[in-house]
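Read the figures in this text as sums done on the coordinates, not as results from a lab. Source: prediction; values computed, not measured. Don't worry about glycine lacking a Cβ; one is built from the backbone with ideal geometry, like all the others, and counts go over all protein chains shown.
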Amino acid sequence: MKIAITKERKNPPDKRVVLPPHICQEAVEMYPELKIKVESSAIRVYKDEAYNKAGFPVTDDVTDCDVILGVKEVPIDALIPNKKYFFFSHTIKKQPYNRKLLKAFLDKNIEMYDHEVITAQNNIRLIGFGYYAGIVGAYNGMRTFGLKQGLYSIPKSASLPDKVALINELHSFKLPAIKIVLTGTGRVGNGAKEMLDAMYIKQVSVENFLTKTYDEPVYVQLDVLDYNRRKDGVEKDMYDFFDNPAEYDSDFKRFTRVADFFIAGHYHNAAAPDFYTVNDTKESDFKIRVVADISCDIGRPISSTLRASTIADPIYGYDRVTGKEVSDYKDAETIAVMAVDNLPAELPKDASDGFGEMFLEHVIPAFFDGDKNGILQRARMTQNGQLTERYKYLQDYVDGKE
């Protein structure tokens, strides 16, 4: 089998890579029949020379490879027909801007495997950049808080080399006695939690967060049943929420009355209730003034997330009375929103190393063991010019009917 690491072509440029040189070396040691080629790139965090030094040929032609690995979407005109591709296609939720890309997979007889749907048998994701989104999102949130309140200024994360450097910057200032609410207990939420813990911010219980006053900064990490409640008042477990999200109302308002800073690291089902609405932010007791929305679902479930922001311009203001974007995010009545939607790209080396380790552990073996655990089968979106059974729900999307 011959694998190619493709050049990232999407703008803005992304420096990440699926398999860094040292992970490539581990892979071929484990599977001597595996061959790896690298498409030349001037922007990749691991330079061409590093792959050459590690013993992997760098070339401008990867058409002789069977499998092509990337991070972001490959432009349609760069897709090589009759190949197997792995990258984040951003099509599984019927994203309108990528309908033509999914159609191109079918037209070019491409077997498409989306990183986002590489899962275990219980449908838990096996690989992703979520942990690093949490790391960078928490850092960016702290930077936003300092700028919003005029308390301190730290560099953008994209200008720093690694997680250690980010943590060192977070030790360069002292926070006032604020309350931080963090949602999510998966990779994203726990990445953010790691940064809060690295700052020695005290974690407190939900009850204490809601009722007590502190003379130091504190945070609470919420799971789904901490901010959602069944409409009928019956207490059930979190699996009931996952199975029946429409049967729940939001209970997040009790946190908006006491929290200063919201870090959103949750996964949100479209049928689940909103955290807060435009009308909620108008209320006089709505206290949150900084939102680091790592999840970055536009408009819902967090009304202040009007759009994704960018690495170059990461912060915008949300007028909590009008519900409109404003230029002055430092105004006292404005919510400062950090909603960068490609946060791991700001820490490309660490993110690539972590992703590569997961890909080597979970995906590479499936190429050689007959896919005994169904890893490839579950992630295969297209085959022989057709959507696979698991992804037939996308047919109307492909046909332009949705």
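Look at where the Cα atoms of segment 259-290 and of segment 68-121 average out, and the two centres are 33 Å apart.
Measuring spread by the Cα atoms of the chain yields a radius of gyration and Dmax of 22.3, 66 Å. Let me test this: with uniform point scatterers at the alpha carbons of segment 4-149, what is the Debye-based log₁₀ I(q)/I(0) at q = 0.16, 0.17 1/Å? So the normalised log intensities work out to -0.99, -1.09. In terms of its Cα atoms, segment 130-346 spans 49, 35, 34 Å along the principal axes, sorted from long to short. The amide H of residue 329, built 1.01 Å from its N in the peptide plane, has 317 as neighbours under 5 Å, considering only residues 5 or more places off or on other chains.
Mean sequence separation of contacting Cα pairs (under 8 Å, at least six apart), scaled by the length of segment 130-346, corresponds to a relative contact order of 22 percent.
If you take the Cα centroid of segment 313-384 and the Cα centroid of segment 36-60, the two points sit 24 Å apart.
Helix 187-198 axis versus longest C-alpha principal axis of the chain: approximately 60°, rounded to the nearest ten. Contact order, relative form, for the chain: 19 percent (alpha carbon pairs under 8 Å, 6 or more residues apart, mean separation divided by residue count). Each label point was placed 7 Å from the Cα along the Cα-to-Cβ direction; for residue 194 and residue 33 their separation is 3.5 nm. The angle between the Cα long axis of helix 21-30 and the main principal axis of the chain comes to about 60°, on a 0 to 90 degree scale. Backbone geometry of segment 75-88 corresponds, through the Karplus equation with coefficients 6.51, -1.76 and 1.60 at θ = phi - 60°, to 3J(HN,Hα) couplings of x, 4, 6, 9, 5, 9, x, 6, 10, 9, 10, 10, 6, 7 Hz, x marking Gly and Pro. Using the Karplus relation 6.51 cos²θ - 1.76 cosθ + 1.60 with θ = phi - 60°, the per-residue 3J(HN,Hα) values for segment 384-396 come to 6, x, 10, 5, 6, 4, 5, 10, 4, 4, 8, 4, 4 Hz, with x marking Gly and Pro. Computed on segment 132-186, the Cα convex hull volume stands at 91 Å³ per residue.
Farthest towards the positive end of the charge dipole of the chain, among the residues 259, 397, 228, is the Cα of 397, using unit charges on the Cβ of Lys, Arg, Asp and Glu. Extending 7 Å from the Cα toward the beta-carbon at both residue 40 and residue 270 defines two label points whose distance is 4.4 nm. Compactness check for segment 267-402: Cα Rg over 2.2 N^0.38 Å is 1.45.
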